[in-house]
Amino acid sequence: MKDSKKKILDLENNKNSKRIFLLTLENSLKFKGTASKKAVLNTAMAKIPECRSDFKNTEKQVDLCVNYINNLSYLEQTKLAKQYNIKQEKKQQKQINEFPDLQNAEIGKVVMRFAPNPNGPMSLGHSRIALLNWHYVKKYKGKFILRFEDTDPKIKPPLKQAYDWIKQDIEYLKIKPDEIYRQSEKFDIYYNLALKLIEQGNAYVCICEKEKFRTLKNKKLECPCRNKSLLLHKQRWKMMFCKYRGGEAVLVLKTDIKHKNPAMRDFAIFRIIDTKNLNHPYLKNTTVWPLYDFASPVQDHLDGITHIIRGIDFLGREEKHKFLYDYFKWNLPQNIVAGKFLIKGVKSTSKIAELIDEGKIKSWDDPRTYSLLSLKKRGINSNAIIDFVMSNGMKKSDINVSLDILYAMNKKYVECKNRYFFVKNPIKMRILNAPKIKKIEIPLHPEDKKRENRILNFEENIFICLDDIDLLKNAKKSNNQIRLKGLFNIKIENIKEDMIIAKYSSKKIEKGIKIIHWISKNDSISINFVDEKNNKFIGLMEKNAINENGVVQFERVGFVNLIKKNKEIYAYFGHR
Ligand SMILES: [Zn+2]
């Protein structure tokens, strides 16, 4: 047995095969003895560089390992884990996964921030950045600032509701900010600092055509405005507020026009946006707007930020910000780059905003957004989100993760919830010769005997799920029995479009028999079921669940979040 395993899995000859095998075993033990192919594949890709360049073979190897290990009992798996010293392996991985100390961080003196653009609720990617910052603030007993970077009304126009959504999301993630404010409150300070830069001769108002300015810059050449007098630039700056229109003038930071990287050469820090093009919930008449490469670093200094954890896309910007910091003689905060959180099937906030604009997605709580708002609605526990994010540690490289891992983690928190029958797309079934059963008792949770049983009433006419129709057709064809859960076995006599006729056959529970769910009309209520793709279905839920609020498990369907709205009940599907 042992030899054959080694042969199949090629554990001795191939170092990576062995690592994949161990990852599979570890994954399986984490999830009660069943490894997830997707999860193992993701982990292998993230942890073993060779696997990334050879996806096909990796997938094959993962398949072999998952099949092998899932066929072992939990006990056999734990034995194997001991044999391979899995615990030790875990520890080694933990060190990689864990959170390295921040440089130059002193207890009590660390100030960090989470600065989202309020153009939608938080995504899982945002959650990661927020939670990583929060982790270090707690570690160093520092200060956490939630700052709304609402200074771009053009490309990322802020959404009035999003400020509240983000505050609620932050609370959901158990982060406790010491300070919350929006940057759009700080414009007067920004204007004063801009004037200072002009007076220093480090910024100038350029009135050249945008294209002309760019062409000159690409050739490492100054535009005609660059060396005009300070007085003129101060006047032009004033005129930006009253005379110039959008696109006619920008305030430019003087850097190094001959810099080898064109992005570092003089760049705009303030622009004009005409009020008719404005789309901002708080600033309706403001026309002079700071750009990100001014507002963000300046505000970081004003907040006393000591360390910033930011996405890898901000990497080149630190050098840009250094020019500003040098002019003001400020100390740059420590920048720490966190790799991207890549989740298969999940779109970026900007992309979703686009789809919402186009009307392809109706709102931010649509499950297809995978926003925190939508995940909450689907009953994903905040602890599961925190576990999901933090289990990936603090890494510079991009992280590929799968939602299946999030769902597996969520299971830990919702597995204890009560179970009920639910029949999606109900179709009537009449049972002939049914024994005289009035009611049956089924436990609310099979593993918790302390909970009361629930009672289901049985009638001659019941409803079953239309999705089971193929199962019934096959049973009819092969003359097999079907079991109605908790009741008895039946045989299918006739399948009509709007009704199924069945006949009582026996009581005995037989091995391998297919079990389906059912519900009596008088014992159920009609509810709305919304799946992961936002498809809506009508269904019958057993009445016992009528007072439930929040997550329950619909047997054979999965975990749903029950929400009452306008006297109707909605069940939002979470996962299986
Ligand atoms: Zn110019």
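The values are calculated or read from the model by the stated rules, or taken from the named source; none is laboratory data. Remember, it's a predicted structure, so these values are computed and weren't measured experimentally. Cβ coordinates were reconstructed from backbone atoms using ideal geometry, including for glycine residues, and neighbour counts include every protein chain displayed. Ligands, DNA and RNA are stripped out before the accessible areas are found, and what is left, the full protein with its side chains, is counted by its heavy atoms. Shrake-Rupley method; radii C 1.70, N 1.55, O 1.52, S 1.80 Å.
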Evaluate the following for Asp164: is it among the charged types (D, E, K, R), modelled with pLDDT of 95 or more, part of a helix (DSSP H, G or I) and over 30 Å from Ser348 (Cα atoms)? no
For residues that are of a type in the set (Lys, Arg) and without any contact (Cβ under 8 Å) to a residue 60 or more places away in the chain, scanning just region 421-454, find the one that is least open to solvent (accessible area, probe 1.4 Å). Arg451
Check region 208-227 and report whether any residue there is at pLDDT 95 or above, more than 15 Å from the ligand (Cβ to nearest atom), part of a helix (DSSP H, G or I) and open to solvent by 20 Å² or more (accessible area, probe 1.4 Å). no
Scanning for something within 14 Å of the ligand (Cβ to nearest atom) and of a type in the set (Asp, Glu), does region 264-280 turn up at least one residue? yes
Picking from Lys138, Lys87, the residue that is modelled with pLDDT under 95, basic (Lys, Arg) and open to solvent by 30 Å² or more (accessible area, probe 1.4 Å) would be Lys87
On the basis of being touching a strand residue (DSSP E or B) at 6+ places or on another chain (Cβ under 6 Å), at positive phi, in contact (Cβ under 8 Å) with a residue 24 or more places away in the chain and not basic (Lys, Arg), does Gly339 make the cut? no
The condition from (1) open to solvent by 50 Å² or more (accessible area, probe 1.4 Å); (2) touching a residue at least 24 places away in the same chain (Cβ under 8 Å); (3) outside any loop (DSSP other than H, G, I, E, B) that Ala353 misses is numbered (1)
In region 192-207, what count of residues is obtained for those that are away from the ligand (no atom under 14 Å from the Cβ), open to solvent by 40 Å² or more (accessible area, probe 1.4 Å) and in contact with a helix residue (DSSP H, G or I) (Cβ under 9 Å, 6 or more places away or on another chain)? 4
For residues that are within 16 Å of Pro281 (Cβ to Cβ) and not in a strand (DSSP E or B), scanning just region 167-185, find the one that is nearest to the chain's Cα centre (by Cα). Lys167
Condition check for Phe241: touching a Phe, Trp or Tyr at 6+ places or on another chain (Cβ under 8 Å) and more than 11 Å from the ligand (Cβ to nearest atom): no
For region 512-563, which strands (runs of 3 or more DSSP E) that fit wholly inside it have 1 or more residues that are polar (S, T, N, Q), free of Cβ contacts under 8 Å to residues at least 60 places away in the same chain and surrounded by fewer than 17 Cβ atoms within 10 Å (Cβ to Cβ)? 524-530
If you go through region 291-303 one residue at a time, do you hit one that is in a loop (DSSP other than H, G, I, E, B) and open to solvent by less than 40 Å² (accessible area, probe 1.4 Å)? no
